[in-house]
Structure formats: structure tokens, C-alpha cells
Amino acid sequence: MVKTPISLPPLTRSLSARLPVLTIIFVLIGEVFIYAPSVARYRHVYLQERIEAALIAALSVEAAPDGMVTEDLRKMLLLHSGVLQVSLKRDERRMLILVSEMLYAIGATFVMAEETLWKLIRQAFGAMSGGGERVIRVIGTAPRDGDGTSVDILLDEGPMVAEMLDYLRRIFKLSLVLAAITAGLVFLSLHLLMVRPLRRMSDNLVSFRRAPEDAATVMSRSRRRDEIGVAQCELRVMQQRVRAALRQKARLAAVGGAVSKINHDLRNMLATALVVSDRLAMAENPETRKVSAPLLAALERAINLCTQTLSFAHAEEPDAQRGEFPLAPLVDEVALVLPKAQIDAIQWRNDVPHDLSLWADRDQVYRILTNLTKNAVEAVSAQGRAALSG
């Protein structure tokens, strides 16, 4: 199976390229939420200015002799106030001050005192979606009018919608500039704090995967104390441990190869000794046959151990050769392999019942008993020497 080499993504698909785009998108989304109340506020201020201008025009008419003005002055007052008609309401009396030459169908009526934020937002977007083709009626008061005179005006919605759309374009251009500046700052800060260290770690991981034995591919020591610094330090420790494990594995493989060769030769030697022991077992001397029996068993165990060692070197777990066997004769075999000097120095007694049998691997039990016996003999001999020296 051919593995595709791992490489870092190109710059256009990297994390560095995605950050500015995401930042611009998020800033523009935020501007949408800011624009809705701001354009509603812009419409509210526009209508309030028209009310104040209409009140000033109405007061100018009232200040004229007999409350009458020329036709040219009337047109000029309506033009400069940006309204089509002005009425004033004082003491529950409504007076028509400035009237247009034409009659207009009122598309909607708005009372400034009853407006809320959500109503203003809904009315602003309703005006822009309608294209400004309506004549609307607006009722309100001038903030600086101490008399509390209610001003009732008619005005064309077209100029207001045009100014709102122009305001929208200016806000959009400003939003693009702010988004670009914010994206640049976010990109620069995140690139320096996160993207560049992460890219360096990615480069190091790719290099380490290609050549883990090379010490130059280990992550350099980091001086940072934040989360990225901790990740870099842990990566360095992990790579050092992996390199140490690989070196140990290589040494163990070399040792295993040498042990396998030695084990093979030793097994051949033991096989030769086993042939000779077979001949001793067929000798006429009863004492020779008696001694050759445990010798043959010991040689067979040694050959079996060599076979198991070779299986372990090839990562094969040997199966246990379980069977039923009497325990007392096995204990006698353990006594036969002990040196005569050790047997004479201790009191050996086999109290295992002759009818006691085990279901286990006979060679494994033999090794266990041999190790226990040797440890016990050494412990008794050490206590004897300590008593003599004391």
C-alpha cells in the first residue's frame, strides 16, 4: 500500500487565508444589526427636523400682518421647510397655516410621540421598500417649543427615502473599510499568536514523521507560557520519548537477532547431548539408567525452552502444554538437579501425597518448583552462615 505524502495546504486554503474572510463576514453581519436601529434613528431625526422647520415657517406666517403672506413667500416657506402642508394645534384648536396648491392622498400617518424602536425600524424599512412614492402625515412637537404646540405636516416621502438610501450607501462603504481594517488587525494578531506557531508545529510533525530518528526534526524548546507553549513543550517531550523508544527498539532487535543465533546453536548442542543421554538410558548399569532419566528430562526442558525463546523472538506466544501428571515424582526430579553439597547441607523431604495430581504445564511447574527450591536452599545456607559467624 503506497501512502500519500502529507504536505501542508496551500496559502489560499490555509487558516491564515480564512481568518480575514471570516472576519469581514462577521463584521458585516454585525453592521447589519447596527444599521437597522441607526437608519430608523436617521428617519426619526429627519422627520423631527421637518417638524421644527415647519413650525418656524408657520410662526413666520403668523408674524406677518393679518397672518397673510404672498404666494411666492408661501411657496418659498414650504420649499425650505421640505413639507407640503403645515397645521398647528393649540388649545384643542387646529389651524391650517400653509397649504399646497394640490390635494394629496395620505398614504400613512405617524404620531411621533407614539413611536417605539421596533416601530421606527419597521417604518424605516417599509419606507425604503415602498420606494418613497407616498405622501405621509406626521404629527409631533418641537423639542424647544415651550408652548407644546402640536405640528401636523404633510410631506413627500421620496426625498427622505433618497437620503436614507444615501445614508445606507455611506454606512456600507464605511462598514467595508472598518471590516478591512478589523480583518487586517485580527489576521495580523492571530497569525502572530496562533497561526504561525501552529504552522511551525505542523511543519515539525510532517518532518518528524518522515525521519523520526533524526534529532534535527525534534521540536525546538518554546519560551511561551500559554496554551500553545504547553502544546509545543508536550510535543517536544513526546518526540524525544518516541526517538528513545525507537532507539531501544533497534537495540532490542539487534540483541534479539544475536540471541536467536545463539539459541539456535545451543539447541543443536542440546540435541547432541540428548542423543548421548538416550544411549546412557539404555546402559546395563542400573545406577546409570537412574541418573540418565532426570538428565533426559532436563535436556528436553532445555530444548523446549530454546524453542519457546525463538518463538518469543518472532513475537509468537507459546501455547501451554497442559496435562495431568503426579506431583510427587516431579518434586523428586527437582531434588535430582540440585548439587549434592546443597542436598547434604539441608534436610530434604518429599511429603507430597503420591495420589496428588495436577492439570497444568509440567515444564512450567518444574521451573517454578526449581526456582522456589533454589531460593529456599540459598536462604537456609545464608542463615547457617550467619549463625556460625555470630
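The distance between label points at L188 and A216 comes to 3.5 nm (points 7 Å beyond Cα on the Cα→Cβ vector). When the alpha-carbon atoms of region 13-72 are used, the pair Rg, Dmax equals 24.6, 79 angstrom.
Each peptide among 200-211, 346-357 gets the average number of other Cβ atoms lying within 10 Å of its residues, and from highest to lowest they stand as 200-211, 346-357. Projected label points at L165 and A253, each 7 Å from Cα along the beta carbon direction, are separated by 7.6 nanometres. Between L22 and Q347, the modelled labels are 8.4 nm apart [label points 7 Å from Cα along Cα→Cβ].
Here I29 and A244 are evaluated by their C-beta separation; at R0 = 41 Å the FRET efficiency comes out at 0.20.
Every number here is computed from the coordinates shown, using simple stated rules; none is lab data. Here the structure is a predicted model, which means the values were calculated and not measured. Note that we place each Cβ from the backbone using ideal geometry, even for glycine, and neighbour counts take in every protein chain shown.
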